[in-house]
Every structure is written in structure tokens, then in C-alpha cells.
Amino acid sequence: MCTNSDSAVRLTAWVHGRVQGVGFRWWTRSRALELGLVGQARNLPDGRVAVVAEGDRVACGQLLGLLRGGRTPGYVDHVVEQWGEARGGLSGFVEA
């Protein structure tokens, strides 16, 4: 569970490619929960998936690596990332 400690961060990742309708959000949720992260993965109207994850910086980095790793459902063309301080207020990891 994420806390607002010095090591807690927020990763926002916009995933481009064929990532809707292929189980990508479910896969992302499963990986995030395995890493102990909280947040959400949601479809965007333009075909991207937005992933917001909070937790330990290392775990968020691992999730980002998995998103870029080539073993996701569908096809990831590229991932745009943004890092920030954890804001809290998230519980679990949901497919929105």
C-alpha cells in the first residue's frame, strides 16, 4: 500500500499502440498489484491507455519497464512517462 513517504512516487504513463480491447488494462492491473502499487489503468478516447501508479519508486520503475517490455497484450508502440510526488488517496488498482 502506498504512503506519502520519501520513497513514494506517482508514475503517469500514456501507452500508445494497439492496447484497447486486448486485455491490456487487466494485465497492467495484475502487474501493478504484484508490485504492491495502487492506481488505475483507463482507456482514453484516442486509443491510448493512461496508467497512474503510486508506490515505491523502484516498483513504479519496474511497472514502467513491463509496460515497455514487449510482453504485454496487444502491441505497445511507445510509452510517454511523467513522474511526480505521490498524492495519496488511491486504494487498490482499478481498471477504469
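The values are calculated or read from the model by the stated rules, or taken from the named source; none is laboratory data. Because the structure is predicted, anything quoted here is derived from the model rather than measured. Virtual Cβ from ideal backbone geometry, glycine too; neighbours counted across all protein chains shown.
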In the stretch 42-63, which residues are outside any loop (DSSP other than H, G, I, E, B), of a type in the set (Asp, Glu) and farther than 12 Å from ALA13 by Cα? ASP56
When every residue in the stretch 49-96 that is at positive phi and exposed (fewer than 11 other Cβ atoms within 10 Å of the Cβ) is compared, the one modelled with the lowest pLDDT is GLY70
Give me the pairs, please: first residue somewhere in the stretch 82-95 and among the hydroxyl-bearing types (Ser, Thr, Tyr), second residue anywhere and at pLDDT 95 or above, beta-carbon distance under 7 Å, and either six or more positions apart or on two chains. SER91/VAL38
Could you please find all residues in the stretch 61-96 being basic (Lys, Arg) and either more than 20 Å from SER7 (Cα to Cα) or in contact with a Pro (Cβ under 7 Å, 6 or more places away or on another chain) (or both)? ARG68, ARG71
Sort through SER30, SER5 and tell me the only one that's at pLDDT below 95, of a type in the set (Gly, Ala, Ser) and surrounded by fewer than 14 Cβ atoms within 10 Å (Cβ to Cβ). SER5
In the stretch 5-58, what residues are within 15 Å of VAL80 (Cα to Cα), of a type outside the set (A, V, I, L, M, F, W, C) and in contact (Cβ under 8 Å) with a residue 60 or more places away in the chain? ARG10, THR12, HIS16, GLY17
